Amino acid sequence: MDDTTAKMVADAYDETVTEAMAQGHAADTAHKEGLTAASMFLASMTGIEDATARAEVEGLGLSPV
């Protein structure tokens with residue numbers, strides 16, 4: 001994944017985590033939602049399979065800190 005795509009994926013993750021935590025979800029739940037949203041975003045942008053997108057997103061080491 002190139003740097004621009006990684007930045008957009010991280011932004012999708014961050015936005016989702018922020019929204020989930022604002023709704024009162026725990027950090028671990030927000031993290032799971034963020035990973036799902038970022039994976040879906042990556043899959044839709046690149047056309048790769050969902051499982052592959054999920055693995056790439058998890059490889060970025062994103063966290064709700």
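Just so it is clear, none of the values below were taken in a lab; they were calculated from the coordinates. Everything quoted here is computed from the prediction, not taken from an experiment. Methodologically, a virtual Cβ is constructed for each residue, glycine included, from the backbone with ideal geometry; neighbour enumeration extends over all protein chains shown.
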(request) Hand me the GluC sites (Glu not before Pro) from the chain located in a DSSP loop with no more than 15 other Cβ atoms within 10 Å, in residue order please. (result) GLU49
(request) Go ahead and estimate [θ] at 222 nm for the chain from helices alone: -39,500 (n - 2.57) per DSSP H run with n ≥ 4, summed, over the residue count, rounded to 500. (result) -25500 deg cm²/dmol
(request) Within the chain, list the trypsin sites (Lys or Arg not before Pro) lying in a DSSP loop whose Cβ has at most 16 other Cβ atoms in a 10 Å radius. (result) none
(request) Please give, to one decimal in nm, the separation of the simple spin-label points placed at ALA10 and THR52, each 7 Å out from Cα toward the Cβ. (result) 2.4
(request) May I ask for the percentage of alpha-carbon pairs in the chain that lie more than 14 Å from each other? (result) 49
(request) Grab the beta carbon distance between THR36 and ASP3, set R0 = 25 Å, and tell me the FRET efficiency rounded to 0.05. (result) 0.65
